[in-house]
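What follows is a short report on a single structure.
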């Protein structure tokens, strides 16, 4: 019987994936950003549509986002919790993005991120991602000013 | 060695939890709605705050929601995908709510729901929940009119 990896190892691996992803995002490294998504990832994204499927489509969104910002993209992740089983895992965190659009408009907001992983051929892959901000039901506006 | 439950069984159990939860919600049965949350569930909810923790707080939100609607709360769940490991699982779905507020205002929108589960003392418990709608970055408005 092959020695089984411990959960601590799995958790550490997933924390490593998150750190690498943030580094790649800040570096506008699209290959790094896309490195660990499963081809059929199901995405519940910050902006419309309601949902979409596929790493190819997610790549287009990131490429568009990189183009829409000038200068540095400041991104950080905090309150990361990772729960890893043998073949399934999830993480949730509060993520902060700060960047300047091509129109000079500053974007700065906290996001909630839930990432779900499956072990595929020996590697943790993201098969589902949900990133959002809450909204105020009275105004219908996204609540972009909230802080942790 | 005790015979191990199959993944199919775990998936079926989790699908059962979701069905029971929807039934309880429609019946305004708060005990049923709260039946499977872990005490320390971390919630990324539709409306502010950015996040909160604890089944007690979630219960207050549901009780408030039940009071804020008059007449039936119509709730349905579709495109449910459940990925279950041994001790960790997640599900995602598109959920539709349709109800009438005490002010006569009709609420009808599609939501994205990601639910994360852990096996705790032999039962699947929800330890994380993320429910949201996307928003339009150009207007800052929540996108409440989207359809699957």
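What follows is calculated from the coordinates using simple rules that are stated; it is not laboratory data. Model, not experiment: these values are computed from the prediction. Heads up, the Cβs are rebuilt from the backbone with ideal geometry, glycines too, and the neighbour counts pull from every protein chain shown.
Between helix B:55-68 and chain B there is an angle of about 40 degrees, using the helix long axis and the longest principal axis of the Cα atoms. Distance from the Cα centroid of the stretch B:42-117 to that of the stretch A:30-98 is 23 Å (rounded to whole angstrom).
If R0 is 41 Å, the Cβ-Cβ spacing of residue A:11 and residue B:103 corresponds to a FRET efficiency of close to 0.30. Using a 7 Å projection from Cα along Cα-to-Cβ, the label point at residue B:66 is separated from the same position in the remaining copies by 5.0 nm, smallest value first. Between the Cα long axis of helix A:7-26 and the first principal axis of chain A there is an angle of about 30°, rounded to the nearest 10.
Quotient of the Cα radius of gyration of the protein assembly as shown and 2.2 N^0.38 Å, N being its number of residues: 1.01. The same position residue B:80 in the other copies lies at 3.2 nm from this copy, comparing label points 7 Å beyond Cα toward the beta-carbon, shortest first. The GNM of chain B, with springs linking C-alpha atoms under 10 angstrom apart, assigns the highest mean-square fluctuation among B:22, B:33, B:80 to B:80. The residues B:144, B:111, when put in order of fewest to most other Cβ atoms within 10 Å, stand as B:144, B:111.
Report the percentage of all Cα-Cα pairs in the stretch B:5-50 whose separation exceeds 12 Å, rounded to a whole percent. Here the tail beyond 12 Å accounts for 70 percent of pairs.
Each other copy places its own label point for residue B:39 at 4.6 nm from this one, sorted shortest first, where the point lies 7 Å along the Cα-to-beta carbon line. When B:127, A:109 are sorted by how many other C-beta atoms sit within 10 angstrom of their C-beta, beginning with the fewest, the order is A:109, B:127.
Legend: Rg and Dmax of the stretch A:7-142, from Cα coordinates, 15.2, 47 Å.
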